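Only one structure is covered here, and it is reproduced in the block below.
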């Protein structure tokens, strides 16, 4: 097995005048979790679909699990598990039937599927739901079944398009925990997300996208240190412009987003002293995170 | 570009079976309602027209009208079953249910999916057509053995109309467009192709048009078998039906590629 799971070189795709993917290159090593991070419309889903051979790039070269894509995408897909953005389970089938039917798409016999079903159900914590109709499952359970289904062919690579969008925090944490388990087992994961927290918790490396272009790439921690590298004070209330001129001498950088003022301060105490005694302000001091990086790079806000 | 089309064609000779079996499992859960739904319409036509008009019409080519009609109704019900399964059920699996989307994430290709859907629609056509033939045989309008001989012709009829409907599905933006295909193509074909009255009663221009339509070839294959009469031009009929099955099949895959993989 080659050590590079996914390799994109100068990939471009446009629909009419609209450029969706603009000269993108990146490589994902075997066994790593690689995140594509960006706002809605940044081209994340298109890239995921390209990797699966469902969208042909206009120009550029793609290799997935050693196969040229899209020409031989079918052979790559035989060793890929996919968690799509929207659940597409068979609602009228039971949990077990869903796995059986999906296994057949990989030419697995009923016996082969039966052999892996208990393990998959345990992984997805759906042991007690094996014979329940999918329509009766909660959103979190459906998502876990989708994840279990993606593992039926024992894939080397998992492609996940916004795997936790629309889930409540509890269900989301459960999915994250399962994904970490898969990484520990040596699986490679390509993940698209617009959740900063998800990217920060799971990804070894990530690529920040805006309008189909890569605007940063690296390890989450390194990106934060490199782009921000200090504490952040969030200031709510008050006039952002007046406040920013007051604290500017003590800040490395100030960003105004809506009614909130973000102050990147190497020495937060100095800033807090300036603001002491001012009525109506709420202050939050915290370490820098990926959202700060994104704001810094794009000047635009993303969903939390 | 050519490489792009090659990648979406059926990958091998057996991948489609998984799609067929998925549809079979779904059908098994609602089989009774589905069978009744498929049979009610052609039965009504067979008895309503057969007994009602039969009294007025008398003999056609030496057989009773209802026996003449039976072969036409077998072909028609195969056509309708395949057409509707493809237009409504396959369209739903492509769109609302996202079934195709899920399958495209596996090692199956678009061509495998389309082939599986066609085989499934043809299976339903065989069920529907054979059921009418069984009723006709029970009432003594056809020989029991003739059912066995007509099954291949019913199956290929199912493939043809599933394949044609698949092209409509690949182009239709929504369900609303299917009614055009139904009223402008499917229904006129019933009357043009000799299902309910002999083609020879029509003006010669219409007869020539009928000769080009797939249902006419199906009727010309199925009716003589059911009536125990010698059939002519079998090779021509089978050849024409094969073309009507194969060409739209490849066309629909190309159209689906443009629609779904962009």
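Observations, loosely collected:
- Sorting A:104, B:258, A:111 by the number of Cβ atoms found within 10 Å of their own Cβ, with the fewest placed first, yields A:111, B:258, A:104.
- Within 10 Å of each Cβ in B:106-113, the average number of Cβ atoms from other chains: 5
- Computed per residue of chain A from DSSP H runs no shorter than four, each worth -39500 (n - 2.57), the mean residue ellipticity at 222 nm is -10000 deg cm²/dmol.
- Percent of beta bridges antiparallel (DSSP, chain A, rounded to nearest 5): 70 percent
- Nearest 10 degrees, 0 to 90: helix B:144-171 Cα axis against chain B principal axis: 40 degrees
- For the pair residue B:151 and residue B:51, a Förster radius of 30 Å applied to the C-beta separation gives a FRET efficiency near 0.70, rounded to the nearest 0.05.
- Per residue Cα convex hull volume in Å³ - calculated over the protein assembly as shown: 190 Å³
- Label-point separation in nm, residue A:71 to residue B:184, each point 7 Å along Cα→Cβ: 4.1 nm
- When each of the peptides B:57-70, B:104-117 is scored by the mean number of other C-beta atoms lying within 10 Å of its residues, the order from highest to lowest reads B:104-117, B:57-70.
- Relative protection proxy for A:66-77, A:162-173, from highest mean packing down: A:66-77, A:162-173 (other beta-carbon atoms within 10 angstrom).
- Rounded to the nearest 5, the antiparallel percentage of DSSP beta bridges internal to the protein assembly as shown is 70%.
- Rounded to 10°, Cα long-axis angle of helix A:139-150 versus longest principal axis of chain A: 60 degrees
- Report summary: the helix-based calculation at 222 nm, which adds -39500 (n - 2.57) for every DSSP H run with n ≥ 4 and divides by the residues of chain B, gives -24000 deg cm²/dmol.
- Per residue of peptide A:107-118, the mean number of Cβ atoms on other chains within 10 Å of the residue Cβ is 1.
- Length-normalised contact order for segment B:4-260 - Cα pairs under 8 Å, 6+ apart - percent: 26 percent
- Put in line by how crowded their Cβ is, counting other Cβ atoms within 10 Å and starting with the fewest, B:14, B:175, A:250 read B:14, B:175, A:250.
- Here the label points at residue A:130 and residue B:258, each 7 Å from Cα along the C-beta direction, are separated by 4.8 nm in the simple model.
- Compared with the dominant Cα axis of chain B, that is its longest principal axis, helix B:234-260 is turned about 30°.
- Ranked by how many other beta carbons lie within 10 Å on average, peptides B:28-41, A:210-223 from highest: A:210-223, B:28-41
- Neighbour-count ranking [beta-carbon atoms within 10 angstrom, fewest first] of A:263, A:33, B:242, A:230: B:242, A:230, A:33, A:263
Quick note: the coordinates plus some simple rules give every number you see, no bench work behind them. Fair warning: this is a prediction, and the values are worked out from it, not measured in the lab. Quick reminder, even Gly has a Cβ in these numbers, built from the backbone with ideal geometry, and neighbours come from all protein chains shown.
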